Each structure stands twice: as C-alpha cells, then as structure tokens.
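Read the structure below first, then the notes.
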Amino acid sequence: MATRHQVRQAVITLLYTHEMDTFNEDFASEYFAEQKIKNEQKNFAEALFGGVLENIDNIDEKINSYLSSFKLAELGTMERAILRLGAHEILAQTCEARVAISEAVALASEFGSTNGVKLVNGVLDNIAKDKSPVASAAVDTKEFYENLSAIQESLKPKEPRNSRISKDKEKKEPRNSRIPKESGFKKSAKSGPAIKTALKQPPKRARKDEK
C-alpha cells in the first residue's frame, strides 16, 4: 500500500504531465496501478490533483505575492507543481501546515534543484504565516541542528570500559625509572646528557685477619 508521501509524488507527476500537455485519464489510471495507489489513497490523490486544478488561479496568485525578483511562470515545471500542491494543502487545510511544508520540501529535494528547496520552504512558510500569523510553520532550524548534534553524538563509537588509563597513572613513572642521585651514575660527557654510564669502582681488597 502506498504511503501519503508516495501519493504526493504521484500528484506532482500528474501536475507535471498536465502542464506539459501529456496528461490523460488512461495515463493516470495506469500510473496509479503501477505505483499501487488504490482505494482511499487513490481518492486522496485525485482530490489533491483536482483541488489544485480547480483553484490554480487563486493558488498562483498567492504564490506570486511572495515571489519578489521573479514570478511563478519563470520557475521550473517541477518546482511549480510542488509549490502549487503545497499551497493548496495549506489553504484548503487538507493537513497541518507543518506537514504540508515538510512534504513539499522533501519533494523539492527529490525532484527539484538545491535552490528550489529553500524557495519552496520560504514561500510556503509565508503562506502559512499569512493564514495563521501566530506561529511559523517552517522547519525550526535551531531545533533541527540540535537534533542533528544529538544523533551524531549517539553514533560516536564507545570506548571499552577497561581501555581508559587514569590521568594519575599516566603521570606516575615506573618504579625503577628514576635513578637515585647516590646510585653511582653520572652523565657521560662524550655521549651527551641523555646517556648515563656507571662509575665502576675497583673492588675493595679483602683484609687479612691480623693475629
């Protein structure tokens, strides 16, 4: 059974073919069957597709009001389809605005350009604010990066329990590493200060017991 995201993918495809003058009912039926979109999901797809076409003039006008340097007609066909579907879902309240924007951004990342993702997010966010100015429906960037950091932290490899050496142990030198000052060792002038040689003292002669 197809998911709601797959249904939206199908609607985007239908909107694209409709604008390219290659759409017909046979194509829609075959496409739905191929994508296993049926029953309630098919009804949902047809409702979205029909809703966009029925209100396309109002939808385009709303989108254009938030495009400053260019208009909707100058965008790519796929970006137009994604914006129209997202705007329709927000205006017709077929779902929560946050869901509509999130789905549209996902579709833009799959089918559109890199700049198209930011454009879709920004335009649909403004439409959602205009309809419900209390809170923005756009993705919370701060919350996104906080969650991303937590995910990255959880993916770090964990060290074995006995692998850590305490700082105190690292600072301590081995017992026999230090040479006492009175041990009879001195620095060798020839070899440099890093090398130490032993001072060999002649063995003491054994004393004869005096009678």
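Numerical summary
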item	result
Gained length - Met1 relative to Glu61, 0.36 nm times residue gap less alpha-carbon distance	18.1 nm
Packing rank of 94-103, 24-33, 52-61, where each peptide gets the mean count of other beta carbons within 10 Å, highest leading	94-103, 52-61, 24-33
Cβ crowding within 10 Å averaged over residues, with 38-50, 113-125 ranked highest first	113-125, 38-50
Summed residue charge, Cβ within 13 Å of Ala92's Cβ, Lys/Arg positive, Asp/Glu negative	0
Column: log10 I(q)/I(0), Debye, Cα scatterers of the range 37-78, q = 0.14, 0.19, 0.21, 0.28 Å⁻¹	-0.45, -0.67, -0.74, -0.94
Potential lengthening between Tyr31 and Ala106 on full extension [0.36 nm per residue; Cα-Cα distance subtracted]	24.9 nm
Computed label-point distance, nm, for sites Lys129 and Ser69 using a 7 Å Cα→Cβ extension	1.8
Computed lengthening from Ala92 to Glu19, 0.36 nm per intervening residue step minus Cα-Cα distance	24.1 nm
Table column - 3J(HN,Hα) (Hz), the range 70-78, Karplus curve with 6.51, -1.76, 1.60, x for Gly and Pro	8, 10, 4, 5, 8, 7, x, 4, 5
Under 12 Å, Cβ to Cβ, from His18 - net charge with Lys/Arg +1 and Asp/Glu -1	-1
Summed residue charge, Cβ within 13 Å of Ala28's Cβ, Lys/Arg positive, Asp/Glu negative	-3
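FYI, it's all coordinate maths here, none of it is from the lab. Just so it is clear, the model here is predicted, and its values are computed rather than measured. Counting neighbours? That spans all protein chains shown, and the Cβs are built from the backbone with ideal geometry, glycine included.
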